[in-house]
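Everything below concerns the one structure shown next.
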Amino acid sequence: MSEELFKKMTASVIEGEPEVAAELARQAIEQGIDPLEAINRGFVIGVNEVGDRFSRGDMFLPELVLAGEAMKAAVAVLEPEMAKQGTKRDILGTVVLGTVEGDIHDIGKTLVGTMLSASGFQVYDLGVNVPVEMFAEKARQVDADIVGLSALITTTMGKQRDVIEALDDMGLRPKVKVMVGGAPVTRDWAEEIHADGYSEDAVGAVIVAKQIVAQKVKTA
Ligand code: B1M
């Protein structure tokens, strides 16, 4: 039953149908399906397929845009459900989050933010195309524990390094730790730029953020 729904979700993104995607997301909630499972086993499969076809030249920008809109429409329905699943508790830590300068991909970053908030982190989401200095300024202003940097394009990954250097220059590190992620980002890259944490998905991002905060408490 769910398998069929997941397949329809995948198709709604490949076909670029935001209204259908939103309706399928509502059906998933009604059927008690875990919203993150709907995203990962349904919609993300579609968006990855579109990404692959786009890179092979079998799909073009308008289709990529529609697929992004379908994905966003589904996530907009599922996000409040994900947020609801987090119960009220003490704040685990403060995270300044954003997609780096030159990059407007926001679906994965927003999911990471939702999962962190639902897990008890105070999240300041600066949005997309965030200038390097803005991350550092906000981190200082809110006394952040972690700055989270999302990058989806190989050409914007370098901005993650720039933010780390800006935090260094402002004397904010090592107090402010940095977590990086995004489709082209790897653990090797994270190590190369001296990030403190890396995760390949939103669930992992919560685990890594908790580890970072626990480590900070230990060494304080
Ligand atoms: Co774009 N795009 N796109 N795109 N797009 C990619 C990234 C691309 C890989 C497609 C491809 O060619 N196969 C390619 C980059 C290639 C490269 O790097 N060399 C690409 C390109 C080229 C472009 C444009 C340049 C196209 C153009 O204009 N010619 C342009 C860039 C504009 C810009 O940013 N300056 C562009 C535009 C767009 C749209 C606007 C049409 C749309 C984005 C809509 C939006 O975000 N509002 C779009 C989309 C939808 C994609 C793909 C198909 C899907 C991205 C997505 O939402 N994935 C993507 C191909 C792909 O990734 N398969 C592609 C679903 C999302 C849940 O996953 O974002 O990976 P993701 O997030 C995950 C993890 O990565 C991780 O957790 C998330 C949840 O599990 N994660 C973190 C993310 N951030 C994290 C931070 C963390 C930890 C984990 O800690 C802080």
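Taken together, the values in this text are just the output of simple stated rules run on the coordinates, not laboratory data. On a predicted model such as this, the values are computed, not experimentally measured, just so you know. Don't worry about glycine lacking a Cβ; one is built from the backbone with ideal geometry, like all the others, and counts go over all protein chains shown.
May I ask you to compute the full-extension gain from Gln27 to Asp58, defined as 0.36 nm times their residue separation minus their alpha-carbon distance, rounded to one decimal in nm? Each step should come with its number before you reach the end.
Numbers: separation 31, 0.36 × 31 = 11.16 nm, distance 3.07 nm.
Computed gain between Gln27 and Asp58 is 8.1 nm.
Full extension from Glu165 to Gln141: what is 0.36 nm times the residue separation minus their Cα-Cα distance, to one decimal in nm? Please report the intermediate quantities before stating the final value.
On the way: separation 24, 0.36 × 24 = 8.64 nm, distance 1.78 nm.
Working it through step by step, the gained length comes to 6.9 nm.
Under the definition of Cα pairs under 8 Å and six or more residues apart, what whole-number percent is the relative contact order of the chain? Working shown, then result.
Numbers: 386 pairs, mean separation 34.9, N = 220.
Taking the mean separation of contacting Cα pairs over the length of the chain, I get 16 percent.
Take every Cα pair under 8 Å in the range 6-56 that's 6+ residues apart, average their separations, divide by the length, and report that relative contact order as a whole percent. Can you show the working numbers first?
Numbers: 38 pairs, mean separation 25.9, N = 51.
Reported relative contact order: 51 percent.
Per-residue counts of other Cβ atoms within 10 Å, averaged by peptide: what ranking do you get for 50-59, 130-139, highest first?
Numbers: 50-59: 13.5, 130-139: 20.7.
So the peptides 50-59, 130-139, ranked by packing, come out 130-139, 50-59.
Among Ile107, Leu97, Val77, which residue has its Cα positioned farthest towards the positive end of the charge dipole of the range 10-107, with +1 placed on the Cβ of Lys and Arg, -1 on the Cβ of Asp and Glu, and the dipole taken about the Cα centre?
Most positive-ward Cα: Leu97.
Provide, for the chain, the number of lysine pairs with alpha carbons under 13 Å apart, each pair being eight or more places apart or on different chains. Spell out each step's value before the answer.
Numbers: Lys72/Lys109; Lys175/Lys216; Lys175/Lys218; Lys177/Lys210; Lys177/Lys216; Lys210/Lys218.
The result is 6.
Can you put Tyr124, Tyr198 in order, fewest other beta carbons within 10 Å first? Walk me through the intermediate numbers first.
Values: Tyr124 18, Tyr198 21.
Taking fewest neighbouring Cβ atoms as first place, the list is Tyr124, Tyr198.
Let me know the charge dipole size of the range 86-220 about its Cα centre in debye, to the nearest 20, where only the beta-carbon of Lys, Arg (+1) and Asp, Glu (-1) is charged. Walk me through the intermediate numbers first.
Numbers: 14 positive and 19 negative charges, 121 e Å.
The calculation lands at about 580 debye.
If packing is taken as the average number of other Cβ atoms within 10 Å across a peptide's residues, how do 212-218, 16-22 rank, most packed first?
Working: 212-218: 13.4, 16-22: 19.4.
So the order, starting with the most tightly packed, is 16-22, 212-218.
Farthest toward the dipole's positive end in the chain, which of Leu36, Gln211, Ala136, given Cβ charges of +1 (Lys, Arg) and -1 (Asp, Glu) about the Cα centre?
Projecting each Cα onto the dipole axis, the largest value belongs to Gln211.
Which distance in nm do the two modelled labels at Glu37 and Val217 give, with both placed 7 Å along the Cα-to-Cβ direction?
In this crude spin-label approximation the distance works out to 3.1 nm.
Direction-averaged shadow area of the convex hull around the Cα atoms of the chain, nm²? Kindly include the intermediate steps, with their values, before the conclusion.
Details: hull surface 48.9 nm².
Here the figure is 12.2 nm², rounded to one decimal.
Any chance you could run the full-extension gain for Thr155 through Glu191? It's 0.36 nm times the residue separation minus the Cα-Cα distance, nm to one decimal.
11.2 nm
List the GluC sites (Glu not before Pro) within the range 140-215 that fall in a DSSP loop (any state other than H, G, I, E or B) and whose Cβ has at most 15 other Cβ atoms within 10 Å.
Of the GluC sites (Glu not before Pro), the ones in loops of the range 140-215 whose Cβ has at most 15 other Cβ atoms within 10 Å are Glu200.
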